[in-house]
1. Whole number in Å², please: accessible area per residue of segment 77-151, 1.4 Å probe, ligands, DNA and RNA not counted.
2. Sort the chain into rounded, prolate or oblate with this rule: let a ≥ b ≥ c be the square roots of the eigenvalues of the Cα gyration tensor; rounded if a/c is under 1.5, and if a/c is not under 1.5, prolate when a/b is larger than b/c, oblate otherwise.
3. Under unit Cβ charges (Lys, Arg +1; Asp, Glu -1), what dipole magnitude, rounded to 20 debye, does segment 105-241 have relative to its Cα centre?
4. Which one, T194, N247, Y132, is farthest towards the positive end of the dipole of the chain when Lys and Arg carry +1 and Asp and Glu -1 on their Cβ?
5. Output needed for segment 205-248: three equivalent-ellipsoid semi-axes, defined as square roots of 5 times the C-alpha gyration tensor eigenvalues, in descending order, whole Å.
6. Taking all protein chains in place and a 1.4 Å probe, what share, in percent, of the accessible surface of the chain do carbon and sulfur account for?
7. In cubic angstrom, how much convex hull volume per residue do the alpha carbon atoms of segment 54-141 span?
8. What size of dipole, in debye to the nearest 20, comes out for the chain about its Cα centre when the only charges are +1 on Lys and Arg C-beta atoms and -1 on Asp and Glu C-beta atoms?
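The values are calculated or read from the model by the stated rules, or taken from the named source; none is laboratory data. Worth saying up front: this structure is predicted, and the values here are computed from it rather than measured. Positions of Cβ are backbone-derived with ideal geometry, glycine not excepted, and every protein chain shown enters the neighbour counts. SASA here: full protein model, heavy atoms, side chains in, ligands and nucleic acids out. Shrake-Rupley method; radii C 1.70, N 1.55, O 1.52, S 1.80 Å.
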Amino acid sequence: MVVRKNYDEIYDIILSSNNIVFFGGAGVSTESGIPDFRSATGLYNRKNDTGYSPEYMLSHEFLIESPEEFSNYYKENLIYDDAKPNITHNVLVRLEKMGKLKAIVTQNIDSLHQMAGSKNVLEIHGNLRDYYCMNCGKKYDAEEITSTKGANYCDCGGYIRPDVTLYGEGLNQDIVNQAISAIAKADVLIIGGTSLVVYPAASFINFYRGNKCILINKEQGGNDGIADYLIHDELGNFFRGLEKRLNK
Ligand code: CNA
């Protein structure tokens, strides 16, 4: 495994495949202005005077114990209403329309892939579009919930939560199965903008059986060794170059 500086060979691999899966994380959306969790400018490195760790404030336990503080934390730190898709989201749409990209497996909860126009998006950690009452299950739209500060309660008295997977919660098994099946069948797996430290999500890439795993991250990571083609760069640079090749 060698860190690649010239991307032409990698663009050739992408252009010659019709069975690509993209597995992404928060780094896909940093160039849209949404901070990730773990890089230097990420949410976990921000000053925080609550005395709690961000992991705890995004946990099931915190939601149950302090719904008001949990609500304020996710509303202030996870919701970016003005964010727009960037070059990475847009080129992935194009690859799907060309029949090359079969699925996007994302850990992101920001809906930017759908906003860009991608169709087969498997959101393994849920999303911040959908909300539901923890007591009666009634569904709510984002606008009804995020326009107010603090906790929201249903007519039945139940707490209305976002449909995201918090630390300490299990994943949606149907989506997990679809994600694993797509990765297991993929000819090319592109992994982008993820630290690969959140489990079980990070373990899904182990189902890939091919020999064209392209890993793109702006910094080194503990799982770089799984890549057949390793790129240390901004995703935007890589996908801008790919867009130029698609336009030729
Ligand atoms: P993470 O642990 O914060 O890792 C992000 C990785 O992306 C880091 O290794 C960065 O170096 C890298 N990175 C950041 N920007 C770029 C860039 N422009 N180009 C290339 N690499 C970049 O986030 P993970 O996704 O690995 O962790 C999983 C968590 C983060 C999931 O549960 C998400 O829900 C959660 N999250 C999602 C969002 C979002 O929806 N946009 C934002 C923040 C966190």
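1. Numbers: 3540 Å² over 75 residues.
On a per-residue basis, 47 Å².
2. Working: a/c = 1.97, a/b = 1.79, b/c = 1.10.
In terms of gyration-tensor shape, prolate.
3. Working: 11 positive and 16 negative charges, 40 e Å.
Dipole magnitude for segment 105-241 comes out near 200 debye.
4. It is N247.
5. On the way: eigenvalues 96, 42, 9 Å².
That gives 22, 15, 7 Å for the three semi-axes.
6. Numbers: 5650 of 11960 Å².
For the chain, the apolar C and S fraction of the accessible surface comes to 47 percent.
7. Numbers: hull volume 10.2 nm³, N = 88.
Per residue, the Cα convex hull of segment 54-141 comes to 116 Å³.
8. Details: 25 positive and 32 negative charges, 218 e Å.
For this selection, approximately 1040 debye.
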